[in-house]
1. Filter region B:105-133 down to residues that are assigned to a loop (DSSP other than H, G, I, E, B) and in contact with a helix residue (DSSP H, G or I) (Cβ under 7 Å, 6 or more places away or on another chain) and give me whichever is surrounded by the fewest Cβ atoms within 10 Å (Cβ to Cβ).
2. Please state which one of A:Leu140, A:Leu158, A:Leu99, A:Leu153 is open to solvent by 70 Å² or more (accessible area, probe 1.4 Å) and more than 14 Å from chain B (Cβ to nearest Cβ).
3. Answer yes or no: is there a residue in region A:260-270 that is in contact (Cβ under 8 Å) with a residue 24 or more places away in the chain and open to solvent by less than 10 Å² (accessible area, probe 1.4 Å).
4. Do we have B:Val38 as closer than 27 Å to B:Ile176 by Cβ and open to solvent by less than 10 Å² (accessible area, probe 1.4 Å) here?
5. I'm told A:Val124 meets every condition in (1) open to solvent by 40 Å² or more (accessible area, probe 1.4 Å); (2) more than 14 Å from every other protein chain (Cβ to nearest Cβ) except one. Can you identify the failing condition by its number?
6. Any chance region B:128-142 includes a residue that's at negative phi, of a type in the set (Ser, Thr, Tyr) and without any contact (Cβ under 8 Å) to a residue 24 or more places away in the chain?
7. Kindly indicate the residue of region B:85-94 that is touching a Gly at 6+ places or on another chain (Cβ under 9 Å) and open to solvent by 30 Å² or more (accessible area, probe 1.4 Å) and also nearest to the other protein chains (Cβ to nearest Cβ) among those meeting that condition.
8. Quick one: which of B:Gly49, B:Gly37 is in a loop (DSSP other than H, G, I, E, B) and free of Cβ contacts under 8 Å to residues at least 12 places away in the same chain?
Amino acid sequence: MINFSILLPSILNGLTTGALYALVALGLTLIYGVLHIINFAHGALLMVAMYLVYFLYKLFGLDPYLALLVVPAAMFVIGYVLQRTIIGNASHGRDENILLVTLGLSIVIENLALFFFASDTQVVDTPYAFDVVELFGAFLPVPKVIAFVGALLTALALWLLMGWTDLGRAIRALARERKGARLVGINVDHIFAMSFGIGIGVLGIAACLLLPTYYVYPQVGHGFVLIAFTIVVLGGMGSFIGALLGGFIIGVVEAVGGLVLGESLGQIGIFVIFILVLLFRPQGLLGHRA
Amino acid sequence: MLEVTGLKAGYNRVEVLRGVDISIRPKEIVALLGSNGVGKTTFIATLSGLIQSWSGEITFKGQDITRTDAASIVDLGLIQVPEGRHIFPNLTVQENLVLGSYRRGRKARSANLERVLETFPRLRERIRQKAATMSGGEQQMLAIGRGMMAEPELLILDEPSLGLSPLLVEEMFELIVELNKQGMTILLVEQNVHLSLEISNRGFVMENGAIKLTGTAKELLDNPDLQKSYLGV
């Protein structure tokens, strides 16, 4: 019934979608790894980034790929300031409070978007949206291939940043040992905000890579964050490579599941995997036991 | 070098330090003694800017640092090696050491690193290893090495001999003398009263959040009260 010539394009498609999921998950896992919280505002901030891309296109005719020069930086600043002002202050240093503050933020942001932008879906019309490229006999949309490469490059850049710079070392140090970090002169509030800013900045990249093939509306983040959360659990909380790997697995499972069970049931596989991971390997594929 | 007058601090509403006065002169080794829970660790946490004092004054190298943040205190050269090491377990030995120089220029780093690895050849052998995988003694070396990376002028060592084998304790005290010879002023917080006083110039005995007794190391070693309560004579 299903032969290789149908399966391969489906797998390749799944990998490209998975790369985008991975991008959203990368920010989530970074923030979790350092601040030890699930950022409930992640989806809302992805939506903000997507609207930014949309309005830059609508008002100034800026191509989503050129928006890569602006939107990630803008999202970084938004993330940094949010952590430094609202999240850091309102949480009084308690993890469970941070959780609630980010949840509250997401509700406020989404409703502001509903109020100002209405719930219509908006798209960016690019001339290349329907271009395809042939790969191993499968036809893939060009924007998805670009998104795939972009996600890999972003993961690589994050990995280099975390492993080889002072900032990265400080972030990793603070994630595990706050007193030691303060004693070497790491400014805790600044590094927390940098981590949050970078995680949100990555959402800016995701938004630019998404919009040529996707659409934006005020609740667009929900679906992505649910999947990203699954990926973070699957890959292992706080693990970058885990997030990337998890993204690809989820993307492929969704695509192949859609092929076998029909488009609307494709996501069943994701949650089956999610439950299996929770049952048999709760620390995730590349995570450590708590 | 360090002048502390009337320092009061605590956690929530509980007063731990009830007016501490201490002065440390350059190039000294000074022992801060006292049993568990008298406020020694709280005192040095206040010095390092980890907790804010309620009242009193701290001056370091003539500069008022009472309200200065932890990072700026590191900049000034007041470095603490905390009790329990607090090294970064998920980072390699090299990364731990490099972070010790987080507030120092890149140029100084390789020189600092070389100096630390000369002092602790064992750390050179383990340079790529994760800190968490090392033994307690090695972790203590790493903690002190990380402190040295910050080019301390005043080095505060909190219970450096805690949990070490007797042989390593000897080595630790020899090392402290060696660091002092290299030009560092040292504030040694210890429960090992006898050994600390043997290498110190002066000592302070803390009790109930205040300094109860002070004098040269010899005076303290000869003090009958101290002999009774700490030296078990």
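1. B:Arg128
2. On the way: A:Leu140 fails: open to solvent by 70 Å² or more (accessible area, probe 1.4 Å); A:Leu158 fails: open to solvent by 70 Å² or more (accessible area, probe 1.4 Å); A:Leu99 fails: open to solvent by 70 Å² or more (accessible area, probe 1.4 Å).
A:Leu153 is the lone residue from the list that is open to solvent by 70 Å² or more (accessible area, probe 1.4 Å) and more than 14 Å from chain B (Cβ to nearest Cβ).
3. Yes, because at least one residue in region A:260-270 is in contact (Cβ under 8 Å) with a residue 24 or more places away in the chain and open to solvent by less than 10 Å² (accessible area, probe 1.4 Å).
4. The answer is no for B:Val38.
5. Answer for A:Val124: the failing condition is (1).
6. yes
7. Among residues in region B:85-94 that are touching a Gly at 6+ places or on another chain (Cβ under 9 Å) and open to solvent by 30 Å² or more (accessible area, probe 1.4 Å), the one nearest to the other protein chains (Cβ to nearest Cβ) is B:His86.
8. Working: B:Gly49 fails: free of Cβ contacts under 8 Å to residues at least 12 places away in the same chain.
Exactly one of B:Gly49, B:Gly37 is in a loop (DSSP other than H, G, I, E, B) and free of Cβ contacts under 8 Å to residues at least 12 places away in the same chain, namely B:Gly37.
The values are calculated or read from the model by the stated rules, or taken from the named source; none is laboratory data. Source: prediction; values computed, not measured. Neighbour counts are summed over all protein chains in view; Cβ atoms, including those assigned to glycine, are modelled from backbone coordinates with ideal geometry. For the accessible areas, the whole protein counts, side chains as well, though only heavy atoms, and no ligand, DNA or RNA atoms are used. Shrake-Rupley method; radii C 1.70, N 1.55, O 1.52, S 1.80 Å.
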